Amino acid sequence: MIARLLLLGATGDLAGRFLLPALAASLAAGRLPEGFALVGAAEQDWDDARFAGHVAARLQEHAGDVPAAARQALVDAARYRRVDLTTPGTVADAVAASGGSGPLAVYLALPPVLFPAAVRALGAAGLPPGSRIAVEKPFGRDLADARALNALLAQATGDVGDAYRVDHFLGMPAVATLAGLRRPGGVLAGRWSAEHLARVDVVWEETLDAGGRAGFYDRTGAVRDVLQNHLVQVLTVLAMELPATPAEADLHRARLDLLRSVRVPEVTATRRARYTAGGPVPAYVDADGVDPARCTETFAELEFAVDTPRWAGTRFVLRTGKALAADRKRVVLHLRAPAPDAWPPEVRRLAGDRLEVPLDGARHAGAGVAVQAPGERTAYVAVLTDLLSGSSRTAVSAAEAEEAWRFVDPVLRAWAAGEVPLEEYPAGSGGPGPG
Ligand SMILES: O=P(O)(O)OC[C@H]1O[C@@H](O)[C@H](O)[C@@H](O)[C@@H]1O
């Protein structure tokens, strides 16, 4: 297991809310190796003591349930280096600061525009054999950009290690539960096909508005922020053929095969919208950092077919949005009108013609499907465990990352060309009305 972690962007939101709490939780659970060393790095001119205070405060706020001794142990393991990504020497210094000569894990908890500079600086610094670089999403702005980033990562890690393209949804307990429904012995085993499912919706609707993140969000939008990565990954888990063996290579092959089968959505089967003022929430275009001319969508929906024998005739819909009436985060399985005994009694009784499987929190999905909570931190514990242990189950391969753009890119181009109207919905509503 890798015992050294360099966290670039250590003073930021992702690190403070998720990564540092997940590290403390991992430490408490005995999932970090002996002698684990953490180097936080960012542009602030801080020293070790200032960073230690920051870590302690973030853990107090976001990991209050983790035993104090584990939180303190993480604070004690933390060092800090100021880095300037345009000065590779500062990055080399941060790499060296973690001590030792074994492999290093580097986590880019950075705004995506900084990924290329960070990867170049790490390449120039030189990483020890067996090192890994974890890159957050969105992975590139489009297919060409994702290819360029993959090429840079290959240069930087070369034959010394590999890249780990994070998608924390792959680490969510609810997604694992979902995967279990269709496995042999699962409630839906034997019924996981177009013959039984007319339509599958992957829905991630949030009450949260773009608010304080609007400056970042306006360059990202609903597709790049959630749909192209998180929802596409849920889709792969749902729709892929089960891997031939439990080996990771077979898992990635199955996911890639599925992505290759996704048909590019018809432009008319896509929707984009942004929220206007509603209740206490000001209009998206009035949020700080928003340029209305960018026409950034805060709601997106794509409907498409999956060209495999299993799914011929099933419609797939991915939908996400901000500032909506309710947090609805779930997979909705629309069951075809069943013959009386085509479904197990518990599915028929609890679901009617729909089976809804929550993707968040602890709720009962019906049909005996209990889903664990809490999702977020658990997901990042899984991500960090995989990163340090060399697994890639919660990661996306280079080919998968590119393939996930292949069918989204044409949609974004059509939108940019104005082929699909940008609809509006009041904040706090159910979204744009029926299309
Ligand atoms: O609920 P979670 O685990 O934070 O995941 C949802 C979030 O995922 C993030 O990746 C997106 O940037 C956010 O906009 C979104 O809210």
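The values are calculated or read from the model by the stated rules, or taken from the named source; none is laboratory data. Everything numeric here is computed off the predicted structure, so don't read it as measured data. We place every Cβ from the backbone using ideal geometry, glycine too, and count neighbours over all the protein chains shown. Note: accessible area is taken over every heavy atom of the protein model, side chains too, but ligands, DNA and RNA are not part of it. Shrake-Rupley method; radii C 1.70, N 1.55, O 1.52, S 1.80 Å.
Of the residues making up the range 358-385, those that are out of contact with any Gly (no Cβ under 6 Å at 6 or more places or on another chain), within 16 Å of the ligand (Cβ to nearest atom), at pLDDT 70 or above and open to solvent by less than 30 Å² (accessible area, probe 1.4 Å) are Pro358, Leu359, Tyr380, Val381, Leu384. In the condition set (1) away from the ligand (no atom under 16 Å from the Cβ); (2) part of a loop (DSSP other than H, G, I, E, B); (3) over 21 Å from Thr385 (Cα atoms), Leu127 is compliant with all but (3).
Need a quick list: helices (runs of 4 or more DSSP H) entirely within the range 375-435 having at least 1 residues that are over 21 Å from Leu251 (Cβ atoms).
Correct list: 375-389, 409-416.
Within the range 172-206, being within 25 Å of Thr298 (Cα to Cα) and under 16 Å from the mean Cα position of the chain (by Cα) holds for Met172, Ala174, Val175, Val202, Val203, Trp204, Glu205, Glu206. I want to confirm something. Restricting to the range 199-210 and keeping residues that are more than 16 Å from the ligand (Cβ to nearest atom) and out of contact with any Leu (no Cβ under 7 Å at 6 or more places or on another chain), which single residue is most open to solvent (accessible area, probe 1.4 Å)? Looking at the filtered set, the residue picked out is Arg199.
Within the range 74-96, the set of residues being more than 29 Å from the chain's Cα centre (by Cα) and within 18 Å of Leu32 (Cβ to Cβ) comprises Asp76 only.
Selection of first residues in the range 174-196 that are in contact (Cβ under 8 Å) with a residue 60 or more places away in the chain and of second residues that are acidic (Asp, Glu), restricted to Cβ pairs under 9 Å at least 6 apart or on distinct chains, gives the following pairs, ordered by first then second residue: Ala174/Asp360; Val187/Glu346. When the range 386-412 is filtered for residues that are open to solvent by 30 Å² or more (accessible area, probe 1.4 Å), farther than 17 Å from Pro138 by Cα and among the charged types (D, E, K, R), only Arg393 remains. Of all positions in the range 161-180, none carries a residue that is under 30 Å from Ala293 (Cβ atoms) and within 16 Å of the ligand (Cβ to nearest atom).
Restricting to helices (runs of 4 or more DSSP H) lying wholly in the range 3-85: which have 1 or more residues that are within 26 Å of Ser389 (Cβ to Cβ), open to solvent by 10 Å² or more (accessible area, probe 1.4 Å) and of a type in the set (Val, Ile, Thr)? Please lay out each step first, then the result.
Working: elements: 20-28, 48-62, 68-77.
So the answer is 68-77.
Put simply, of Ala283, Ala249 the only residue that is touching a residue at least 24 places away in the same chain (Cβ under 8 Å) and among the hydrophobic types (A, V, I, L, M, F, W, C) is Ala283. Cβ-Cβ contacts under 8 Å between residues 6 or more apart (or on different chains), taken from a first residue in the range 333-349 that is in the same structural domain as Val187 (by TED's automatic domain parsing) to a second residue that is at pLDDT below 75 and exposed (fewer than 15 other Cβ atoms within 10 Å of the Cβ), are listed as Glu346/Gly368; Arg348/Pro338. One residue stands out among those in the range 86-120 that are among the hydrophobic types (A, V, I, L, M, F, W, C) and assigned to a loop (DSSP other than H, G, I, E, B): the one that is nearest to Arg141 (Cα to Cα), which is Leu110. Beta carbons closer than 6 Å, at least 6 apart along the sequence or on distinct chains, never pair a first residue in the range 127-142 that is in contact (Cβ under 8 Å) with a residue 40 or more places away in the chain with a second that is in a loop (DSSP other than H, G, I, E, B) and among the small types (Gly, Ala, Ser). Out of everything in the range 97-125 that is within 28 Å of the chain's Cα centre (by Cα) and among the hydroxyl-bearing types (Ser, Thr, Tyr), what residue ends up being nearest to Arg213 (Cα to Cα)? Top of the filtered list is Tyr107.
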